[in-house]
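Okay, so here's the structure we're looking at.
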Amino acid sequence: MKHSAPNTPRRHPGAMLLAMLLILPGAQGIAATTPAPARSHAWSDATLADLAYSAGHALVRELRGARADLDANRPDAARRELGYGTRIIHAMDLLFPYDRALGQIAMGELANARTDLKAGRSQRFEQDLLPLYASLETMEEYAPEEAMALRGSVDKARQAVTSGKPGEALQALDQSAERISVSSTYLPVDYVRGQLDSAIHALEKPFHDPAIARHAIDNALVVVENDWLLDTPRQLE
C-alpha cells in the first residue's frame with residue numbers, strides 16, 4: 001500500500017485567528033513594516049511561512065516594548081505587552097502541529113510497532129504503521145526533508161518485515177526513533193512561551209523581580225530574532 005501526502009497544501013482555519021491577534025495595540029502595522037521572508041526548505045506552504053514570519057515580528061515588537069517598559073519602570077505596561085505576546089503564541093499553537101508535538105506522537109507509534117514486531121505480530125505491525133504514516137504526511141507540510149528521511153526509514157522496516165528480516169526492521173525503527181529524538185524544533189514556541197510565562201510571573205506581586213523578567217525577555221528575544229525569524233532551527237529542549 002502506498003502512502004503519500006496530498007499535493008494540495010492544507011488550509012488552516014486558525015490562520016484567520018492569527019490575523020486577528022496580530023491586530024493588537026503593539027502589533028499594528030506589522031504587514032506594512034515586515035520585510036518579505038526568505039523562503040526556506042523547512043516550509044512547503046508559502047502562506048504558512050508568511051504567517052509564521054509575521055507572527056515572529058509581532059512577538060519581537062511586543063518583547064521589545066515590554067523591555068522598554070521595564071527600563072522605564074512601567075511594570076504594568078510591560079505585563080500587558082507580554083500578555084499580547086502570549087496571545088500570539090496561543091494562536092501559533094492553534095495553527096501548527098509542531099515537530100516536537102508530532103515527534104512525541106510518532107515516537108509512541110514507533111514504540112507500538114516495535115513492540116508488536118518483537119512479539120512476532122506482523123499483522124498488527126502493519127496496522128501500527130498506518131497512523132505513523134499519517135503523522136509523517138502532516139509533518140511533510142512543515143518539515144518535508146525530515147519527514148522524507150523518516151518515511152525512508154519506516155519503509156525500510158516494512159520491507160525488511162516482508163522479507164522475513166525482523167532484526168533489520170527493528171534496526172530501521174530504532175534509527176527512526178533516534179532521528180525524531182534529536183530533530184530540531186522549527187518554531188521554538190514552547191521555549192518562548194516558557195520565557196514569557198517566567199517574565200509575567202516575575203512581575204506579579206508579591207514576587208516582583210524586574211531583573212528576572214528582563215532576563216527572560218532577553219532570552220526570548222534572542223531566540224525569536226535568530227532561530228525563529230532567520231529560520232535556523234536548533235534543539236532548545
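The values are calculated or read from the model by the stated rules, or taken from the named source; none is laboratory data. Given the structure is predicted, the values throughout are model-derived calculations rather than measurements. Cβ coordinates were reconstructed from backbone atoms using ideal geometry, including for glycine residues, and neighbour counts include every protein chain displayed.
Close contacts from segment 121-142, counting a first residue that is within 22 Å of Asp93 (Cα to Cα) and a second that is surrounded by fewer than 22 Cβ atoms within 10 Å (Cβ to Cβ) and charged (D, E, K, R), with Cβ to Cβ under 8 Å and a gap of 6+ residues or different chains, come to Pro131/Glu109; Leu132/Glu109; Ser135/Glu109; Leu136/Arg151; Glu141/Arg10; Glu141/Asp45. Among residues of segment 144-158 that are assigned by TED's automatic domain parsing to the domain that holds Tyr133 and part of a helix (DSSP H, G or I), those with a Cβ under 6 angstrom from a residue that is surrounded by fewer than 22 Cβ atoms within 10 Å (Cβ to Cβ) and hydroxyl-bearing (Ser, Thr, Tyr), sequence gap 6+ or separate chain, pair up as Pro144/Ser44; Glu146/Ser183.
Yes or no: Leu221 part of a helix (DSSP H, G or I), over 15 Å from the mean Cα position of the chain (by Cα), in the same structural domain as Met92 (by TED's automatic domain parsing) and modelled with pLDDT of 75 or more? Yes.
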